[in-house]
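The structure appears right after this line, and notes come after that.
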Amino acid sequence: MHNVTYGKSYFQECEAGHLCHVWSSQPALKWGLYCGDLRMSAAILFSGNNYKKVALMAKYLNMPCMGPVKFHRLQRHYLVPAVEHVWKAEEQRVIDARKNQPMVMLGKLISY
């Protein structure tokens, strides 16, 4: 048995020591990343919460929680690039939709 942050994985070996079967309580993504870790990181980031508050709550619940290094690594490598990709696509869609339409610019000019 191998403990992961939000689940457990069980490895079954034959008598000769060969790995025969692996069962995991949650889906595994590429490079040993488990779906629960990524989802928890996304929930923290997208809810506007912060890692320290969620980790403290998990501690009081006696619930395993990933460390801050793993949270920030998942945020940096997966979540922020995904948000930037969606933001740029939406920004381009809005620009393209308004490209040939007249626009009125409003503002206040202050000179110091």
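Close amide-amide hydrogen proximity is noted between residue 34 and 29, each under 5 Å apart and 5 or more residues distant or on a separate chain (H modeled in the peptide plane; Pro and chain starts excluded). Within the stretch 1-101, the trypsin sites (Lys or Arg not before Pro) that combine a DSSP coil assignment with at most 12 other C-beta atoms in a 10 angstrom radius are 99. The count of lysine pairs in the chain that are at least 8 places apart or cross chains, and whose C-alpha atoms lie under 18 Å apart, stands at 7.
Remark: 57, 66 ranked as 57, 66, counting other beta-carbon atoms within 10 Å and listing the fewest first. Exposure proxy ranking for 95, 110, 44, based on other Cβ atoms within 10 angstrom of each Cβ and starting from the fewest, stands as 110, 95, 44. Derived scalar couplings between HN and Hα for the stretch 73-88 equal 5, 5, 4, 5, 8, 10, 6, 4, x, 5, 5, 4, 4, 5, 4, 5 Hz in order, rounded to whole Hz, by the Karplus curve 6.51 cos²θ - 1.76 cosθ + 1.60 (θ = phi - 60°), x for Gly and Pro. Mind sorting out which of (i) 1.46; (ii) 1.28; (iii) 1.71 is the real Cα Rg over 2.2 N^0.38 Å computed from the coordinates? Matching entry in (i) 1.46; (ii) 1.28; (iii) 1.71: (iii). Cβ-Cβ distance of residue 62 and residue 88, R₀ of 30 Å, FRET efficiency by 1/(1 + (r/R0)^6): the value works out to about 0.15.
Only the coordinates and a few stated rules stand behind these numbers; no lab work does. In this text, all values refer to a predicted model and were calculated from it rather than measured experimentally. Ideal geometry is used to build each Cβ from the backbone, glycine not excepted, and the neighbour counts take in all protein chains shown.
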